[in-house]
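Down below is the structure, laid out as structure tokens.
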Amino acid sequence: MHDKKDGSKGNIIMVTDGASIPDPREWRLINAWSIALVGAISALFALCLFWPDPYLRILLYLPDGVLVTFKITVLSICCAVPLGLLTGLGRISNNRIINLIASTYVEVIRGIPLLVQIFYIYYALSRFVQVGGVTSAVVAISFCYGAYMGEVFRAGITAINKGQSEAARSLGFNGFQTMRYVVLPQAMRTILPPVGNECIAMLKDTSLVSIMAVPDIMQRARSFVGTTYLYFETYTVVALMYLVITLMLSKTVSIMESRLNYYDGK
């Protein structure tokens, strides 16, 4: 991740494994996002129409897993975003202890693969406390992505010109009010796209929780494959379902970004 300062606004250039967020200013009917979405939906429809057995049977078997996947994703986002904000604020704090704690958290968590964190919380910590599969998944994903989002928030906040904070202080704002009413609203314009990408990547990484027998999309697929041995057909449907979901989420983030840009006068 790289951040660049440019007056009162900043840009965050971030490469993630999330779906590409469509440009909110791109109003062409045919673009990469629309081709991918229409292609995925058409492929699912065609497979279920011409080969209902097994494709339609597979598609009807997976919805329960979709609900579990969304549940884990939403809970993880609700935990990771506030944790990332606190981590980002800690990383720019003038308090050496707070800064050290936040920096250590980021370095440690980013150095351990998410799969290892899931195994550690679910299996290793079970020696001391029993934690359910969904709870373990939410805790692991939240702590992992909280560290990454912390860097996003840090870069977005530091991209705001210091003159903004100084002007707020001259008007009598304290540190909390300056951050709440002046810095963060401006930083959100640059923070939203990479945070959106992290949320999309988070949804895809929920597929890892199937190792704990949590009945998400992947676990339901593995269960179906275990009785039918239809590997190609099952995982083709799973891949198309994930593609449709991530593309819809990327469009949602794009709409939110366009709203922010509209009020910013862009």
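Between M188 and Y229, the C-beta separation translates, for a Förster distance of 51 Å, into a calculated FRET efficiency of about 0.55.
Note on the chain: lysine pairs with Cα distance below 24 Å, sequence gap of 8 or more or different chains, count 12.
With K and R counted +1 and D and E -1, the other residues having a Cβ less than 11 Å from that of A168 yield a net charge of +2.
Measuring r between the beta carbons of E107 and V66 and using R0 = 25 Å, the FRET efficiency lands at 0.10. Applying 0.36 nm per residue to the separation of D53 and Y120 and subtracting their alpha-carbon distance, the gain on full extension is 20.1 nm. For the chain, the fraction of alpha-carbon pairs lying more than 34 Å apart is 29 percent, rounded to a whole number. Going 7 Å from the Cα of I97 toward and past its Cβ, which residues in segment 153-184 have a backbone nitrogen under 20 Å from where you end up? It comes to 176, nothing else.
A simple count of charges around N99, restricted to other residues whose Cβ falls under 11 Å of its Cβ and scoring Lys, Arg +1 and Asp, Glu -1, yields +3.
The angle between the Cα long axis of helix 231-263 and the longest principal axis of the Cα atoms of the chain comes to about 30 degrees, rounded to the nearest 10.
All of the numbers you see were taken from the coordinates with simple rules; none came from a lab. Since the model is a prediction, treat every value here as computed from it, not as a measurement. Glycine also receives a Cβ, built like all others from the backbone with ideal geometry; neighbour counts cover every protein chain displayed.
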